[in-house]
Structures are given as structure tokens and as C-alpha cells.
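Accompanying notes for the structure given below.
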Amino acid sequence: MSEQLATFLRYSLSKSPDCLVQLADELAAINAYLQLQKTRFGDKLKVNWQVDKALQRQAIPALLQPLVENAIKYAVATRKQGATITIEGMREQNNLHLSVSDDGPGSQLAADSSGAGVGLDNIRNRLAQHFGDKARLEIAACPSGFKVNICLPWQLR
């Protein structure tokens, strides 16, 4: 657990929100974060990775951790049975598609929520800063979960 915490903190402290990082580094930090949360939630936290290995060198803003954190906070922690978080990544033509979804309360949570969505606003701002109108952030709440889709231009680092 200490090793996972050190990995996650080292990454978090060394990366400026204004910089692009390799997707491989972002995924390694997310994995370390999830391993820490796994010690907290045990079997309540399930993770489904569906990221194409060919995407490892893609340059992205550091943006997945707040999405995973939200899924843990609103889906895993609030439900007795926990939830599954799915992290997806694929290339489609000249775009990278990333998504973080969960099978938690979804639209019920969205209806009950009065939060300002600061994390989502930060991600939206990072995408605009780096890619202008060539990047998109889409949010969907449905009865069986919550999903955030990110589409950004393909660029290797």
C-alpha cells in the first residue's frame, strides 16, 4: 500500500495540470490510485480495463484521476454492493477516445446532486487549453450508471 501511495503521489506532484503526459504514465498513476482504493473498499471496487496497448505513447492532459475519483465517491462508496468502474481507450481515425464509466446510481444521483462539477470543469478547461475546439467532453447519466467520454486529437509524444 505504501508503494502504491508513493507511486501515485510522485506522479501527482511531478505533473503540472498545464502539461501533457503519456497515456501510459496516466494509466499507471490511475492503477496505483485504484490499488489504494481497493485496500479501502475491497470487493466493493471492481475495475474493468479496456485500453488498447497501442495508445501508450499518446499525449494527453492529466485528466483521468478526477473521473475515477468521482466514480469511487458516487458509485462505489455510496452503495452496499459497490460498483464496477470501466476505463476505456481506443483510437478512431485521428482521434483518441477515452471514457470512465461506472454502474452506480447514475441518473438518480444526477437528479439528487447540487454539486458544481468543479472536476469536470477543470477537465473541460484543460482540454480547451491544449486542443481548443478539437476536443470534446461528454457526460451521460443513465439509470444504470454514469459515463464520461473524452475525445481528443491523436498525437504521439
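Output the residues belonging to segment 126-138 that are exposed (fewer than 13 other Cβ atoms within 10 Å of the Cβ) and within 18 Å of the chain's Cα centre (by Cα).
The first filter runs over segment 126-138 and keeps only residues exposed (fewer than 13 other Cβ atoms within 10 Å of the Cβ), leaving 129, 132-133, 138.
If the condition is that a residue be exposed (fewer than 13 other Cβ atoms within 10 Å of the Cβ) and within 18 Å of the chain's Cα centre (by Cα), then GLU138 is the only one that fits.
Name the single residue that is farthest from LEU156 (Cα to Cα) among those in segment 78-101 being hydroxyl-bearing (Ser, Thr, Tyr) and surrounded by 16 or more Cβ atoms within 10 Å (Cβ to Cβ).
Taking segment 78-101 as the starting set, the residues that turn out to be hydroxyl-bearing (Ser, Thr, Tyr) are 78, 84, 86, 99, 101.
Then drop every residue that is not surrounded by 16 or more Cβ atoms within 10 Å (Cβ to Cβ), which leaves 84, 86, 99, 101.
Values: THR84: 30, THR86: 24, SER99: 19, SER101: 25 Å.
Selected residue: THR84.
I'm checking my understanding of the structure. Among residues of segment 1-56 that are of a type in the set (D, E, K, R), over 21 Å from THR86 (Cα atoms) and surrounded by fewer than 16 Cβ atoms within 10 Å (Cβ to Cβ), which one is modelled with the highest pLDDT? Checking each candidate, the answer is ASP18.
For segment 56-95, a residue qualifies if it is part of a strand (DSSP E or B) and more than 27 Å from PRO143 (Cα to Cα), and the qualifying residues are GLN58, ALA59, ILE60, PRO61, ARG91, GLU92, ASN95.
Have a look at ALA75, ALA59 and point out the one that is touching a strand residue (DSSP E or B) at 6+ places or on another chain (Cβ under 8 Å), surrounded by fewer than 19 Cβ atoms within 10 Å (Cβ to Cβ) and of a type in the set (Gly, Ala, Ser).
Among ALA75, ALA59, only ALA59 is touching a strand residue (DSSP E or B) at 6+ places or on another chain (Cβ under 8 Å), surrounded by fewer than 19 Cβ atoms within 10 Å (Cβ to Cβ) and of a type in the set (Gly, Ala, Ser).
Only residues that are farther than 15 Å from ILE150 by Cβ, of a type in the set (Asp, Glu) and within 12 Å of the chain's Cα centre (by Cα) were counted across segment 59-106, and they come to 2.
The values are calculated or read from the model by the stated rules, or taken from the named source; none is laboratory data. This is a predicted model, so every value here is computed, not measured. Note: ideal-geometry Cβ built from the backbone for every residue, glycine included; neighbour counts use all protein chains shown.
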